[in-house]
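Engineer: Please see the structure below; I have some questions.
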Amino acid sequence: MAIETTLLLCKPDAVSRGLVGEIIARLERRGYLIAAMKLVQLSGDKAREHYAEHKDRPFFGDLVSFITSAPLVALAVEGENAIDGCRQLIGATNPLTAAPGTIRADLAQTIGRNLVHGSDSKASAERELKIFFTEGEFVSRKHDLERWIKE
Ligand code: IDP
Ligand code: MG
């Protein structure tokens with residue numbers, strides 16, 4: 001088993017459109033477990049740190065101003081190969097090319113308002129989880145993980 005923890009964000013568009021429950025329901029139906037969760041409005045510094053890889057892209061300014069514009073819901077999500085699995089559930093960056101059945105294809109229209117963030121690798125997940133959560137904020141889901149693995 002390759003149990004991983006990944007960072008998911010229900011971005012401000014998801015919160016303001018009332019889609020957080022729908023997004024979490026999809027994660028839960030897939031069998032993923034929430035290990036930490038919070039509603040937070042991001043500072044500019046944290047937003048720039050989170051999206052550092054995009055700092056030279058033309059859309060960086062808009063991305064930072066959008067992600068800091070209103071509250072978002074951050075989730076630490078656990079499960080078997082959760083990093084790639086959650087990316088699959090979320091769908092391609094552009095909702096127009098995302099596969100039907102994914103969150104972005106089903107619920108979003110544009111790349112700039114694509115509802116969800118998911119870490120794209122082990123290194124990203126480790127780095128990004130630390131931006132949103134302290135060690136003490138993770139709640140062990142060991143019991144549920146073990147039961148789920150046996151079933
Ligand atoms: P990802 O969220 O699918 O990992 P990234 O390439 O990491 O996609 O981009 C981060 C976020 O920046 C995207 O989710 C999207 O909201 C935004 N973004 C990416 N490319 C563009 C673009 O070309 N125009 C506007 N926004 C973009
Ligand atoms: Mg990305």
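Engineer: Which of the residues belonging to the range 56-85 are among the polar types (S, T, N, Q), more than 23 Å from PHE138 (Cα to Cα) and in contact (Cβ under 8 Å) with a residue 12 or more places away in the chain? Explain how you work it out, then say what you get.
Structural biologist: From the range 56-85, those among the polar types (S, T, N, Q) are 65, 68-69, 81; that's our starting set.
Among the residues that remain, those that are also more than 23 Å from PHE138 (Cα to Cα) are: 65, 68-69.
THR68, SER69, listed by residue number.
Engineer: Condition first: more than 16 Å from ligand 2 (Cβ to nearest atom), assigned to a helix (DSSP H, G or I) and either buried (at least 16 other Cβ atoms within 10 Å of the Cβ) or of a type in the set (D, E, K, R) (or both). Now tell me which residues in the range 123-147 satisfy that.
Structural biologist: LYS130, GLU135, GLU137, LYS142, ASP144, LEU145, GLU146, ARG147
Engineer: Do any helices (runs of 4 or more DSSP H) lying entirely in the range 13-122 carry at least 3 residues that are surrounded by fewer than 16 Cβ atoms within 10 Å (Cβ to Cβ), and which ones are they?
Structural biologist: So the answer is 20-30, 44-50, 60-67.
Bear in mind that the values in this text are calculations on the coordinates, not laboratory data. Just so you know, these numbers come straight off a predicted model, no measurement behind them. Positions of Cβ are backbone-derived with ideal geometry, glycine not excepted, and every protein chain shown enters the neighbour counts.
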